[in-house]
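Here the structure is laid out as structure tokens; the discussion comes afterwards.
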Amino acid sequence: MTKQAGGERVSRAEDGAVTPGGGPLCGYRVLDLTDEAGALAGKMFADFGADVVKVEPPGGCPTRRIPPFLDERAGPEDGCFFQAMAAGKRSVVIDLGQPEGRELLSRLAEAADFLIESFPLGYLDGIGLSYDALAAGNPRLIYTCVTPFGDRGPGATWTAADIVGWAAGGMMAMMGAPGRAPLQVSVPQAFSHGASEAAVASMLAHLERARSGRGQKVVVSMQAAGVWATNAETALPALEGRSLSRSGIIPAGMSRTSIRKCADGYVQLMVGGGVFLATTVGLLDWLAEFGPVPGVVAAIDFATWTPERFRSGDAGFLAELAACDAAISDLLLRVTKAEIVSRSDANGWVVAPVSTMADVARDRQLAARSFYQQVEHPGLGRDLTLAGPFARFSGTPAPPAWRAPMLGEHTAEVLRGELGLTAAEFAALEAADVIGSASQGALR
Amino acid sequence: MTGVADGLRVLDFSWFGVGPITTKYLADNGAEVIKVESRKHPDGLRLTPPFSGPPGINRSQYFGNFNSSKKSISIDMTTSAGRGLVRKLVPHCDVVAESFRVGTMARWGLGYEQLREIRPDIIYYATCLQGQTGPRAGFAGFGMQLSAIAGLYYLSGYSPEELTPPHGPYTDFIAPRFGCFALLAALDHRRRTGKGQLIDLSQYEATLQFLAPAITHYFATGVVAQPAGNRSPRYAPHGAYRCRDVDGRERWIALAADDDQKWDATLAILGAAASPPGLAAHADRLTRPHEVDEYVGRLTSSHDAGQLAAELQQAGVPAYPVQDCSDLRVDANLRDFGFFGVLEQAECGPMPYDGFAYRLGRTPGSQTAAPNLGEHTSEVLSRLLGMSAAEIRRLRDDNVLY
């Protein structure tokens, strides 16, 4: 595991310049005005070396207090969501509720390449920080609004929690057991769909800005981004006159998903022909090591498991499939997840462990690729381990991971060092609680 | 055609979900994305329902949805003449995309190192489940497998004994955004430096970005995140609650409240006189979520989900009906965002498509339907390579264009 020290960052924005080792997006500045609905968007930019300045209200962005926490404390540096999703960003505390704060943001926007926000629709417009207002000072600005349900429908001003977005986009209705409540994933997902879509859409606008020199306003609908996760089932009502509903508790599963219990957990595998045939046959051979396999299974001629026969759905084939399915389920109960994965690795089977976070943390594929990154966090007095980069570049590797910023850690650096406020101006704004800095002890 | 990706050309060997969805972002915004397939090895989704009308290689809406606005050329890559044609096309392209098992393209002489010799600034996007390197680089599988491997299946369920995975090849709809973002970053880097590069997108590593908080938590505490139904450490109530059936169909509402004001507003709208004494404070509700769920579920059961969501939202409480796909088709917010569309497909006629989840205000993209297999073979070969009709015919007769 690579470890990044807690001192200086590797690269800093240099007005569009490319810094060796700085990552493919080094030199760009992003103003991140998002809460949990957009946090991942800025994180994606930061991962590739952009200078992402998180503008936070006094007291800190609410994302700092999303549980679970690193330990017993629940302070602004203790949340796992924040440490993960703000990694690599800088923190500047500005109160946009005060006119002087809004003026500071306008000035920051003049030198920014991107602004990403997830306030309730109309909030920034109402305080003089609309796209049009900021574009007047910086026509190159790309201004991306992450909305829950779009900006034009009856829900344009509605608010969301992650579970509400999951429901609105169609994923929830397909998850859970019949007769019981539809479910979300226990690590919430919906906001991340919208936020990652916002990152892509912002970069699409950037592609055009390189030619035209002009920015634009981008609007993202988290709900619509979530619909993309439904596996295009949205066409079923029109084309097949049906819609999918909750499919049940495993191992009943839906036809295209099959989780099975093993001795100490679960694995995912499909019994069948085609790409699943080698796995099916291999597992049955393994079963034979424990004793005789059922006669029906032993008698199967797998050469007859052709796609044509599978598609025809003939009764003999289905009986064979069911027999194999039962035999394999029987085998799996006798062996552990680790044994199954080990055999699968050796034989190239299509078998997937149903991993826990502990399994994912120990995964040898991720270890071989040095995925996890350890960072020092002087404010917490400990190291943290973060998810690593999501893409590997041969020419411009992503810069090493950097920890999340402490509240107001970069207020002075950005506003004095880069925006050019004098010491007196800075002190006056700080005294009026327009801005907050770590040195002030931030931060109430 | 005008779009942000005008002028870009992508030679796209990718198939199924992640690769095609990645390049679709470019195609829908004006890039010329040329899909390379053959009748021998069509994109597997072409054979997968739902179909528009009878099954057929050009009739899958599932395929269509991920391949809008693209072109298709049919070349049998198992022939050396076919691979030779591709090598002639590469210099005309900015991006090569592929999602084969690791090593396949290199065996065809079309790996990154081989192609950069003929197009030095090529951007080569390679995506597979677990990445191009490492002991499981060659792992073949789909999004269902990866959802299990990456921890999403275990985190989905009422309890560890009652797992209920997210629908379908779920990670196929996470990874493309990371892939496209990386591709766009590489294109910008090429613009600034003139240099191309290889992008290795591990769908596993991309997916883990959605689980990053749980990863940090595990490493910091050793606590293994558990499937917890709809429980939340932040909200109570937090879940899906049964509403009045409509036309014999179950209706549910998702709602969440994280303070007393939202709780009180919820109760008022649901017609409860006052909070049960033990549940009046947010901190108490967080410790007694079962009671909260039971109480709220009793109250919602007589309400209409749609109307209730609108009323709760008016009061500032996050809420939405739990929508299935038929609900999505008539959802007013998706409609007003312009999400669903109908595109004219060459063989099928009008076909339903999912649209944009984003809107570029000044330069909106525009979609056309997915191509028939090989629909653009002649057009692309004659335009880019200057091949004559006779040459093209000969290659067809030789089953190179197949």
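Here A:Glu208 fulfils each of the conditions (1) without any contact (Cβ under 8 Å) to a residue 12 or more places away in the chain; (2) charged (D, E, K, R); (3) more than 7 Å from chain B (Cβ to nearest Cβ) apart from (3). Contact map, the range A:71-92: first residue at positive phi, second residue among the aromatic types (Phe, Trp, Tyr) and assigned to a loop (DSSP other than H, G, I, E, B), Cβ cut-off under 9 Å, separation 6 or more or different chains; pairs are A:Gly88/A:Trp402. Taking the stated definitions as given, is B:Glu291 out of contact with any Phe, Trp or Tyr (no Cβ under 6 Å at 6 or more places or on another chain) and surrounded by fewer than 16 Cβ atoms within 10 Å (Cβ to Cβ)? So B:Glu291 passes the test.
Across the range B:84-98, a minimum of one residue is classified as of a type in the set (Asp, Glu), buried (at least 20 other Cβ atoms within 10 Å of the Cβ) and assigned by TED's automatic domain parsing to the domain that holds B:Thr377.
For A:Thr422, are the conditions met, namely being of a type in the set (Ser, Thr, Tyr) and within 14 Å of another protein chain (Cβ to nearest Cβ)?
Judged against the criteria, A:Thr422 is not a match.
Looking across B:Ala220, B:Ala148, B:Ala175, B:Ala182, one residue alone is without any contact (Cβ under 8 Å) to a residue 40 or more places away in the chain and within 21 Å of the chain's Cα centre (by Cα). It is B:Ala148. Checked against the criterion of being out of contact with any strand residue (DSSP E or B) (no Cβ under 6 Å at 6 or more places or on another chain), among the acidic types (Asp, Glu) and more than 7 Å from chain A (Cβ to nearest Cβ), the range B:186-196 has no qualifying residue.
Test B:Ala370 against the criterion of being in contact (Cβ under 8 Å) with a residue 12 or more places away in the chain and at the interface with chain A (Cβ under 7 Å from one of its Cβ atoms), and give yes or no. Break it down stepwise before answering.
Values: in contact (Cβ under 8 Å) with a residue 12 or more places away in the chain: yes; at the interface with chain A (Cβ under 7 Å from one of its Cβ atoms): no.
Judged against the criteria, B:Ala370 is not a match.
Only residues that are touching a residue at least 24 places away in the same chain (Cβ under 8 Å) and at negative phi were counted across the range B:185-196, and they come to 5.
Using the structure shown, decide if B:Asp258 is touching a residue at least 24 places away in the same chain (Cβ under 8 Å) and under 22 Å from A:Gly38 (Cβ atoms).
Yes; evaluated as a whole, the condition is true for this residue.
So is A:Gly49 more than 27 Å from B:Ala225 (Cβ to Cβ), touching a Cys at 6+ places or on another chain (Cβ under 7 Å) and crowded, with 21+ Cβ neighbours inside 10 Å or not?
Taking the combined requirement at face value, the residue satisfies it.
The residues of the range B:96-113 that are out of contact with any helix residue (DSSP H, G or I) (no Cβ under 7 Å at 6 or more places or on another chain) and of a type outside the set (Gly, Ala, Ser), listed by number, are B:Phe100, B:Arg101, B:Val102, B:Thr104, B:Met105, B:Arg107, B:Tyr112, B:Glu113. For A:Ser247, state whether it is buried (at least 20 other Cβ atoms within 10 Å of the Cβ), touching a residue at least 60 places away in the same chain (Cβ under 8 Å), not assigned by TED's automatic domain parsing to the domain that holds A:Met171 and not in a strand (DSSP E or B). Criteria met by A:Ser247. Within the span defined as the range B:391-401, every residue fails to be of a type outside the set (Lys, Arg), assigned by TED's automatic domain parsing to the domain that holds B:Cys93, under 25 Å from the mean Cα position of the chain (by Cα) and at pLDDT 95 or above.
Checking each residue in the range A:19-59 for being outside any helix (DSSP H, G or I), out of contact with any Asp or Glu (no Cβ under 9 Å at 6 or more places or on another chain) and not charged (D, E, K, R) picks out A:Thr19, A:Pro20, A:Gly21, A:Phe48, A:Gly49, A:Gly59.
Please enumerate the residues belonging to the range B:366-400 that are assigned to a helix (DSSP H, G or I) and not hydrophobic (A, V, I, L, M, F, W, C).
Residues satisfying the conditions are B:Thr377, B:Ser378, B:Glu379, B:Ser382, B:Arg383, B:Glu391, B:Arg393, B:Arg394, B:Arg396, B:Asp397.
Taking the range A:77-191 and the helices (runs of 4 or more DSSP H) fully enclosed by it, the elements with 1 or more residues that are within 14 Å of chain B (Cβ to nearest Cβ), hydrophobic (A, V, I, L, M, F, W, C) and crowded, with 19+ Cβ neighbours inside 10 Å are at A:80-85, A:131-137, A:162-168.
Looking only at the range B:226-238, decide whether some residue is modelled with pLDDT of 95 or more and not in a loop (DSSP other than H, G, I, E, B). The answer is yes; a qualifying residue exists. Return yes when B:Phe51 is aromatic (Phe, Trp, Tyr) and either surrounded by fewer than 24 Cβ atoms within 10 Å (Cβ to Cβ) or outside the structural domain of B:Gln130 (by TED's automatic domain parsing) (or both) and no when it is not. Taking the combined requirement at face value, the residue satisfies it. Looking across the range B:284-341, the residues that are within 11 Å of another protein chain (Cβ to nearest Cβ), within 30 Å of B:Arg359 (Cβ to Cβ) and aliphatic (A, V, I, L, M) come down to B:Ala305, B:Ala309, B:Ala310, B:Leu312, B:Ala315, B:Val317, B:Ala319, B:Val322, B:Leu328, B:Val330, B:Ala332, B:Leu334.
The values are calculated or read from the model by the stated rules, or taken from the named source; none is laboratory data. In this text the structure is predicted, and so the values were computed from the model without any measurement. Heads up, the Cβs are rebuilt from the backbone with ideal geometry, glycines too, and the neighbour counts pull from every protein chain shown.
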